[in-house]
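Each remark here refers to the structure printed beneath this line.
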Amino acid sequence: MRVCSLAPAATATVVALGAGADLVGVTHNATVDIDAPPVGGWLNPDYDRVAECDPDVVLTGDALQRDVRDELAARGHDVRHREPTRLDDVLAGFAIRGDDVGRAAAGERLEADCRERVAAIRTAVEGATRPVVYCEEWDDPPMAAGNWVPDAVRAAGGRHPFVDPGDRSREVERETVEAAGPDYVVAHYCGRGGRDGRARPDFDARGWRLDAEVHVLDDALLNQPSPALIDGIEALARRLHPERM
């Protein structure tokens, strides 16, 4: 199939399915190296470039891409749009993406493998004391991570009492975070990866008083509903429970 992927998570999943060579167009926001022409940003793709790719299927994801999905459909494209909100949705989505791109068996294998990895992490941290973890998706304004991140933290052996699982990430006040007394802070700012110095929060400059161990993760490890999320859960578990991982 000729696949045009306008969602970074979809692109990473297609590559994990072994179908990277089928990609004929991706966005500038792709987080994996792939030899496919760029067709703009994930929220503002160049629709003419998408058409020039002559795709059999176009992949989109997240509520923020609904307008993009609708425009593509109106232009006659076969659009496969997915909006996972919980960890189980993400895992089930690997098989669904496999169907989307004609790789059903590979999708089933990828889902099964990722479920096994998550189960192994849960087993490793079972019975351990669960520390409070504040996952910050953005810093101006401060945003506590939602969607599948609370599930990911729980799978890694922690608690994230700032956003209910499945709810969108939301702005959070200093008093709320301080009152929760986090043992760990995990910063995973969208678009900054984990190497940019700006990816480390400056709580002193904010006037926040937290007695917490601070970690910075590449944003794709927690923000992206792709197999990278499983890497992120493993990375979290190693930080929260190094004696068990």
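Brief remarks on what is shown
- Using distinct alpha-carbon pairs, which all enter the 1/r mean, Kirkwood radius of the range 121-177 in Å: 11.6
- The calculated FRET efficiency for ARG244 paired with ASP167, based on their beta-carbon distance and R0 = 30 Å, is about 0.55.
- Within the range 66-165, GluC sites (Glu not before Pro) in DSSP loop having at most 11 other beta-carbon neighbours inside 10 Å: GLU126
- Normalising the Debye intensity of the range 123-245 to I(0), with uniform scatterers on Cα atoms only, and taking log10 at q = 0.10, 0.12, 0.22, 0.23 Å⁻¹ returns -0.26, -0.38, -1.38, -1.51.
- Of the residues ALA212, ALA152, ALA74, the one that moves most in a GNM of the chain with alpha-carbon contacts below 10 Å is ALA74.
- When the chain is treated as a GNM with alpha-carbon contacts under 10 Å, the residue of THR31, THR13, THR129 showing the greatest mean-square fluctuation is THR129.
- Considering all different alpha carbon pairs of the chain, the Kirkwood hydrodynamic radius works out to 18.6 Å.
- Per principal axis, descending, Cα span of the range 8-99 in whole Å: 35, 27, 21
- Taking 0.36 nm per residue of separation and subtracting the current Cα-Cα distance, fully stretching the chain between ARG200 and ASP70 would add 43.1 nm.
- Each residue was assigned an accessible area with a 1.4 Å probe, and for TYR47 the value is about 50 Å².
- When shorter helices are ignored and each DSSP H run of at least 4 residues is given -39500 (n - 2.57), the per-residue value for the chain at 222 nm works out to -11000 deg cm²/dmol.
- Overall, the range 68-135 carries a charge dipole of about 180 debye about its Cα centre when +1 sits on the Cβ of Lys and Arg and -1 on the Cβ of Asp and Glu, all other atoms neutral.
- Relative to the current alpha-carbon distance between ALA179 and THR129, full extension at 0.36 nm per residue lengthens the span by 16.1 nm.
- Placing +1 on the Cβ of every Lys and Arg and -1 on the Cβ of every Asp and Glu, with no other charges, gives the chain a dipole of roughly 480 debye about its Cα centre.
- Over the chain, accessible surface divided per residue gives 46 Å², non-protein components excluded, 1.4 Å probe.
The values are calculated or read from the model by the stated rules, or taken from the named source; none is laboratory data. It should be emphasised that the depicted structure is a prediction, and the values quoted were computed from it without experimental measurement. With ideal geometry, Cβ positions are generated from the backbone for all residues, glycine too; neighbour counts draw on all protein chains shown. For the accessible areas, the whole protein counts, side chains as well, though only heavy atoms, and no ligand, DNA or RNA atoms are used. Shrake-Rupley method; radii C 1.70, N 1.55, O 1.52, S 1.80 Å.
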